[in-house]
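Here's the structure, in structure tokens; my notes come after.
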2 protein chains.
Amino acid sequence: MEKRTGKGMENQLPGLDSQVCFSVYALSRQITQHYRPILDELDITYPQYLTLLVLWEKERQSVNQLGEKLYLDSGTLTPMLKRLEQKGLIKRERSIRDERVVEISLSEKGSQLRHLACAIPQKLLASLNITREELSQLHLIVNKILGQTRQS
Amino acid sequence: MEKRTGKGMENQLPGLDSQVCFSVYALSRQITQHYRPILDELDITYPQYLTLLVLWEKERQSVNQLGEKLYLDSGTLTPMLKRLEQKGLIKRERSIRDERVVEISLSEKGSQLRHLACAIPQKLLASLNITREELSQLHLIVNKILGQTRQS
DNA sequence: AAGATAAATATTGTACGCAATTTAATTTTT
DNA sequence: AAAAATTAAATTGCGTACAATATTTATCTT
């Protein structure tokens, strides 16, 4: 009758969920690998690129605001932002109105980098070798799940 | 006629591809967050859990074999495996046939942990709060893309 | 206004992830 | 068989992630 009870469960293959979670984890790292050679040319890492993307959208933001958009806390951001500052891509300045706040803004060099960066999306797509259709499907389902999991 | 040329492109929103890549990156970290409290009870991390999953499938494997399944190299695995050894979950032994190879096997404690671990998938699913349908869709598209990107 | 609380970053410590190099053992060449 | 090439792990070094704590500044309470 195919009724499975406690005994024997441990011989099952790992569940679909485990597999999917691993796949997402693997894909995320895989994507970073594909970005690497492209971003190497600009001498930045993938998380640094994401940070710049956010800053290109809005020139001046607090560490907190960046963290909310990137889902990263100060423990990760502070050292990364210092590295971006060292590269001369951003400026870090205490807010005058509230001395607790550190405001991040683009340097001239950081703003200019945008011109070079505009070629990245195409290069990455070519590197990943996937269709817009697949990309679109991925986007839909991942965002849907991301939206749900962020709450619970 | 809506023909967009070079000028003005830099004012566009970040492309779909950038967004999707960020979403995958964010989801991957989000999943790890949901695993954390569950795995904390077993005093292991998510990558360590993945490693144990592979070992529960096949009791004894070389570092290389583990790396091929997890897509990790010795630079990541060696220290992680040492930590698993310190926790008493695995054993690390040089192969007699080929002294270059280090064979990883489960300790008694590591084998036993499987019994506790079998509750994890359900707990995680409950925590993520997503349907099997969504999980299934995610699995399909992510694996499809992962398969393609691994080659190119 | 003094003291308590809260908020924003920074710091500390641990664990990946991965490129690059090193070390040791095995194979292949010559 | 000696030298060269290859292979498997380990090591080194850098950059995230993230929990936990500390520090500094602002705000709230009374």
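Below, the figures for the structure above:
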item	result
Nearest-to-axis residue of chain B, judged by beta-carbon position, where the axis maps B onto A, in Å	B:SER28, 2
30 Å Cα-Cα threshold exceeded, pairs from B:LYS82/B:LYS144; A:LYS144/B:LYS82; A:LYS69/B:LYS69; A:LYS109/A:LYS144; A:LYS58/A:LYS87; A:LYS91/B:LYS82	B:LYS82/B:LYS144; A:LYS144/B:LYS82; A:LYS69/B:LYS69; A:LYS109/A:LYS144; A:LYS91/B:LYS82
Ratio of Rg to Rh over the protein assembly as shown (Cα coordinates, Kirkwood Rh, two decimals)	1.02
Part-to-part distance (alpha-carbon centres) for the range A:28-45 and the range A:74-152, which is given in Å	13
Calculated from backbone phi, Karplus (6.51, -1.76, 1.60) coupling profile of the range A:52-59 in Hz, x at Gly/Pro	5, 4, 5, 6, 5, 6, 9, 3
Projected area averaged over orientations for the range A:10-152, convex hull of C-alpha atoms, nm²	11.6
Phi-based couplings in Hz for the range A:32-45 (Karplus 6.51, -1.76, 1.60; Gly and Pro marked x)	4, 4, 6, 5, 3, x, 5, 6, 4, 4, 9, 6, 9, 9
Per-residue average of Cβ from other chains inside 10 Å of B:131-141	6
Hull-based mean projected area of the range A:72-127, where the convex hull spans the alpha carbons, in square nanometres	5.2
0 to 90° range, to nearest 10: angle between helix B:108-117 axis and chain B longest Cα axis	40
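Throughout, read-outs are computed from the coordinates displayed, never taken from laboratory work. Note that the coordinates shown come from a computational prediction; the quantities given were computed from them, not determined experimentally. FYI the Cβ positions are ideal-geometry reconstructions off the backbone, even for glycines, and counts take in every protein chain you see.
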